[in-house]
Amino acid sequence: MLWTAAAVVTVGFLVALEIAARHYGLPGPIVTQAQEVVVAPKSGFLLYASMALTMLVLTWRQRLIALCAAIGIDIVFLLVRWAAGIGLNGGHPFGNGALWVIIGCVVIALTRRTGRERMLLLKGVGLGLLLVAGRKTGDTWLLITSKTRHEVLDQYVATADHALGNPSWLVGRLVAATGPVGAHFLDAVYTQLPVAAVAVAAYQLRHVAVERRFPSHHLVRTFLVIGLLGPGIYMIFPVVGPIFAYGADGGHWALADLWPNTPPPLDPPQHMPFDGITPRNCMPSLHTAWATAIFIHSRRGPRFLRYAGTFWLIATLGATLGFGYHYGADIIAGVVFTLTIEAGLRSLELGWDRSGTLLVGYGTAVFAALLVAYRYLPTVMADTPWVFGPLMVLSMISVIYCYVRVTRQWDPKEAPVRSAQPQPELV
């Protein structure tokens, strides 16, 4: 019943977004995903990552068959497009096969499976499709923010960011100094974040095929909740980012062409009209939030996975700031946002207790206080950076400290190894 209710809510949410997108004359998440059954997909890597999540419920033999089928279908599509002279229109030459395999798993589950095996396979399919749906719904949400929020609050955040030393401007100059090699490297890390998430999730879910059940908590749950709640904050606090509000990418809507060489002026901030195309997707930084979630969930993995999670977090922070997509204030808010969500999901898994409730409440209070300060105290923050700069960082560190302290109490304790006692020998 719980899974059925979740499926109904998800479908209703997708239908609502589809209607909203149609209101603005564009296809929504359902239509865009259905089109990728035939047309070149926007992200073939994401579709194969989604298929990898679905295959976690299959045996190794079934996984090999599914992978070969996906590759074979992609080759057929590639040859047909080449013979018919059909272009990719900005899409990837592969990925349709992965989507066909996922659809095939749905058909097999409904026609060839029964009972728990059917539910397990449908859960695997749902897990894979949710990753794709999250990307499509995110695109639709960004469209809605650009169409409904005609004014942005970038001047407020940029002013508050003076308390941190304008980190986006600093990192932007560093990335520019690395040339095209550094930019292309960070861009690959930034755009393929879902693939990194699948690698961590695959490790967490590696025993599903054997145990025939999913663990109660894993990275995909955190990813989906972040993607569900984050756009709501976009609507409350619309921000486009320094490269648009203060850079050449903003065109004539930009305040000036200042990023990344000249810090923004300390004039009194005000609401700023902006175009109806650029997404208002900065506050909080969801890329930072997702990279933080990857880092947290990789801590229980082997050494290579821990190193990879750390690398992805650092590289994502460099990309979000270095490309001018976010301010430093967005980064701090994104970390607090993720830790609060993760604490809530862990509390839901283990049963709410006093420590979990206080942790979620404290994280929510800090996140709300940051947003209020960015909106109503930016000039004060910029005028006294030696006070508010450390205070912003310390507020984030305090949430990190409380999260680590509380979750360590929740972790199962290993039984102490009893030392062998000397035994008397028979003579």
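Miscellaneous remarks
- Segment 196-251, subset among the polar types (S, T, N, Q) and assigned to a helix (DSSP H, G or I), residue surrounded by the most Cβ atoms within 10 Å (Cβ to Cβ): Thr222
- Each residue in segment 14-42 was checked for being touching a Pro at 6+ places or on another chain (Cβ under 8 Å) and part of a loop (DSSP other than H, G, I, E, B), and 1 of them qualify.
- For segment 253-263, the criterion of being of a type in the set (D, E, K, R) and assigned to a helix (DSSP H, G or I) is met by none of the residues.
- Here Tyr234, Tyr246 are screened, and the one residue that is touching a Pro at 6+ places or on another chain (Cβ under 6 Å) and either touching a residue at least 12 places away in the same chain (Cβ under 8 Å) or within 19 Å of Pro167 (Cβ to Cβ) (or both) is Tyr246.
- Residues that are exposed (fewer than 14 other Cβ atoms within 10 Å of the Cβ), more than 25 Å from the chain's Cα centre (by Cα) and hydrophobic (A, V, I, L, M, F, W, C) within segment 80-107 comprise Val80, Trp82, Ala83, Ala84, Ile86, Leu88, Val107, listed in sequence order.
- For segment 173-193, taking the residues that are of a type in the set (Val, Ile, Thr) and farther than 12 Å from Trp312 by Cα, the one that is surrounded by the fewest Cβ atoms within 10 Å (Cβ to Cβ) is identified as Val181.
- Residue within segment 35-51 that is free of Cβ contacts under 8 Å to residues at least 12 places away in the same chain, surrounded by fewer than 15 Cβ atoms within 10 Å (Cβ to Cβ) and over 19 Å from Ile108 (Cα atoms) present: yes
- Where Arg61 falls short, out of the listed (1) modelled with pLDDT of 85 or more; (2) open to solvent by 40 Å² or more (accessible area, probe 1.4 Å); (3) over 25 Å from Gln204 (Cβ atoms): (3)
- Taken over segment 177-221, the criterion of being within 19 Å of Tyr48 (Cβ to Cβ) and of a type in the set (Val, Ile, Thr) is satisfied by Val189, Thr191, Val195, Val198, Val200, Val208, Val220.
- Answer from Leu110, Leu174 - the residue that is closer than 19 Å to Tyr325 by Cβ and part of a helix (DSSP H, G or I): Leu174
- Of all residues making up segment 295-318, the number that are farther than 21 Å from Ala188 by Cα and either in contact with a His (Cβ under 7 Å, 6 or more places away or on another chain) or crowded, with 16+ Cβ neighbours inside 10 Å (or both): 3
- Cβ pairs under 7 Å, 6+ apart, first in segment 319-342 and over 22 Å from Tyr156 (Cβ atoms) and among the charged types (D, E, K, R), second open to solvent by less than 10 Å² (accessible area, probe 1.4 Å) and in a helix (DSSP H, G or I): Glu342/Thr222; Glu342/Ala293
- The criterion of being open to solvent by 30 Å² or more (accessible area, probe 1.4 Å), of a type outside the set (Ser, Thr, Tyr) and within 22 Å of Gln155 (Cα to Cα) does not hold for Leu348.
- Among the residues making up segment 256-270, a single one is buried (at least 17 other Cβ atoms within 10 Å of the Cβ) and more than 22 Å from Val175 (Cα to Cα): Pro269.
- Among residues of segment 265-274, those that are modelled with pLDDT of 90 or more and either over 14 Å from Asp154 (Cβ atoms) or in a loop (DSSP other than H, G, I, E, B) (or both), counted: 5
- Residue that is open to solvent by less than 60 Å² (accessible area, probe 1.4 Å), outside any loop (DSSP other than H, G, I, E, B), of a type in the set (Gly, Ala, Ser) and at pLDDT below 95, where the choices are Gly363, Gly356: Gly356
The values are calculated or read from the model by the stated rules, or taken from the named source; none is laboratory data. Quick caveat, the model's predicted, so the values are computed rather than measured. A quick note on method: Cβ atoms are made from the backbone with ideal geometry, for glycine too, and the neighbour counts reach across all protein chains shown. SASA here: full protein model, heavy atoms, side chains in, ligands and nucleic acids out. Shrake-Rupley method; radii C 1.70, N 1.55, O 1.52, S 1.80 Å.
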